[in-house]
Every structure is written in C-alpha cells, then in structure tokens.
Amino acid sequence: MKIVAANWKMNLTRSEGLALTDAIVKGMSSVKDVKVILAVPYPFLAEVGERIKDVRNLHLAAQNCHHEESGAFTGEVSAKMLRSFGAEYVILGHSERRVQFVEKCRTIRVKMEVAIANGLSPIFCFGESEEQRMKGNHWKAVKGQLSLGPNMLTEDEVRKVIVAYEPVWAIGSGLTATADQAEEMHKHVRSVLYSRFRELANEIPILYGGSVKPSNAAELFSQPDINGGLIGGASLVAEDFLAIVKA
Ligand code: PEP
C-alpha cells in the first residue's frame, strides 16, 4: 500500500489546523488503499488525533521527539508523551532539523531507537544538499546517512521504520527531482538497505519528498521504488493534499 505523509511544519493556527483536518477526513471517504499520515505540530496532537481516530487509513504523527526518555529538558517532548497522545509515527532527521538545529546522525539514530522502544514508527528523513549533488557526491552522502541511521538498527527495529528521501535542494523550493532522478536514487537507497538487511530491505517503505504537487505526484508515485511521498507545502491545502493522495 502506498503511503502519503503530510508535514505541516510550523504552520497553521488551531482553527486552521482543525478545519484542514476535517476537510482531509471528509476527503478520505473516497480514498482507497493509501495510508495517510498527518505530522502535526505538538499542540495539535490531541485534537487532531481525536478527529481522525476512527478514520480508516488515517494516522497521527509528530515532527520530532527528544532522544532521552524523560528528565530535565525544558521545552522538549518525549517519544512516550507522543505515544500517550495517540501518535503512531514521528518524523526524525528532517533536513530542517539537521541544518537549523544541528542534529547529528548519532542523535537521530538514538531518537529512532527511543521512538521505537516507546511504540512509535520513525519516518527517517535523509537526502543530499545542492552542493553535494553538484559535485557528484549525492550517492555517497545518502549512503552515509543510511549507514549511520536505519542500517545501525536491528532487524526487529527496522521493521517499524519508513525512510523518506528528501533532496535538500527540492524541499520547499518548487524544484522537484524528476521521476527518473528520484527513482534512480530510490534504487540506490534500496541497495544500501539491502547490504545490511537483505530481503527485509524490500519491505521498508521509501517515500520521496521535495516539492511534490498534484501535477507531478502521479508520475513520481508510479515508479517501482517510490512507495509514496512526504508532502510539505502542498499538505496545507486540503484540495491539493487530497489530489496527491489520490494520485
Ligand atoms: C518536507 O519538508 O518534508 C517537504 C517535502 O516539503 P515540500 O513538499 O514543501 O518541499
């Protein structure tokens, strides 16, 4: 089953977020065989969770968690708290966190372990920068992030993981990797996962993220190694997001 996840980032007020949720819930009645995940800001979790809890194929996610289980970390949120508010997934390693909050591969890997130990499925994000692609270093960059991320997990842990290839140059820029560029990278991702997990690698969903829109979603999602998408900007407009889900 394809997976389409929305990343609302730090957008929307309470009333806007709930209106968007209601519109998505309504649209889900005509969606077949797509798992849809809404990654909402922390304060939205309880109310959005309440609205979607009985909707088939609609799931709740957070956009980050702390790497410790609990303690004196003012302003932070733990994986256990997220689970207790009904979250099933958590985005980890998004490039905005790697760059703006200087999150290192090791921290992201520990966050994945803590998330899984507390009943959450990580959506592990990775992808090369524009400079890395220009210099032809994108294959190596992606292999490195995967090697220090999901490939460090056990087989049992990795069964819970979704990975999302998000070339940094395509995020929020309006530039999308072509379907061919994305597919060839997804094949590479699959082979890096295969080197560690063998046949199990074929069961790990690989999403594409980076300026997915209603106009390019169908072509991207028709590629054999693209198992769905992680959607930022276009997930804030119900009509666009639902068009992507239906693609
Ligand atoms: C994202 O931030 O995960 C993302 C894919 O954003 P956008 O769709 O806006 O490029």
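The values are calculated or read from the model by the stated rules, or taken from the named source; none is laboratory data. From a predicted model like this one, the values you see are computed outputs, not experimental measurements. Here the Cβ positions follow ideal geometry from the backbone for every residue, glycine too, while neighbour counts run over all protein chains shown. Surface accessibility is based on the protein's heavy atoms, side chains included, excluding ligands, DNA and RNA. Shrake-Rupley method; radii C 1.70, N 1.55, O 1.52, S 1.80 Å.
In this simple spin-label model, placing a label point 7 Å from the Cα along the Cα-to-Cβ direction at both Glu219 and Lys246 gives a separation of 2.1 nm. Highest GNM mean-square fluctuation among Gly49, Gly136, Gly210, for the chain modelled with Cα contacts below 10 Å: Gly136.
Each part gets one Cα centre, and for segment 50-68 versus segment 178-247 those centres are 20 Å apart. A crude spin-label estimate for the pair Asn137 and Tyr42, with each label 7 Å from Cα along the Cβ direction, gives 3.4 nm. If you run the Gaussian network model on the chain, springs between alpha carbon atoms under 10 Å, then out of Pro150, Pro214, Pro205 the most flexible one is Pro214. Of the accessible area of the chain, with the probe set at 1.4 angstrom, what percent is carbon plus sulfur? Answer for the chain: carbon and sulfur cover 53 percent of the accessible area.
Using the crude model of +1 on Lys and Arg Cβ and -1 on Asp and Glu Cβ, and no other charge, please compute the dipole size for segment 2-246 relative to its Cα centre, in debye to 20. Could you put the intermediate results ahead of the total?
Working: 29 positive and 29 negative charges, 49 e Å.
Magnitude of the dipole: close to 240 debye.
Can you pull out the GluC sites (Glu not before Pro) in segment 1-86 that DSSP calls coil and that have at most 12 other Cβ atoms within 10 Å?
Working: sites: Glu16, Glu47, Glu50, Glu68, Glu69, Glu76; in loops: Glu68, Glu69, Glu76.
Passing sites in segment 1-86 are Glu69.
What does the charge count around Thr21 come to, taking other residues whose C-beta lies under 12 Å from its C-beta (Lys +1, Arg +1, Asp -1, Glu -1)? Write out the running numbers ahead of the final one.
Values: positive: Arg14, Lys26, Arg51, Lys53; negative: Glu16, Asp22, Glu47, Glu50.
Summing Lys/Arg as +1 and Asp/Glu as -1 gives 0.
When the chain is treated as a Gaussian network with alpha carbon springs shorter than 10 Å, the biggest mean-square fluctuation among Tyr208, Tyr194, Tyr89 belongs to Tyr194.
With the other protein chains left in place, how much accessible area per residue, in square angstrom, belongs to the chain at a 1.4 angstrom probe?
Numbers: 11400 Å² over 247 residues.
In whole numbers, the chain has 46 Å² accessible per residue.
On the beta carbon distance between Ser30 and Asp156, with R0 = 41 Å, the FRET formula returns roughly 0.70.
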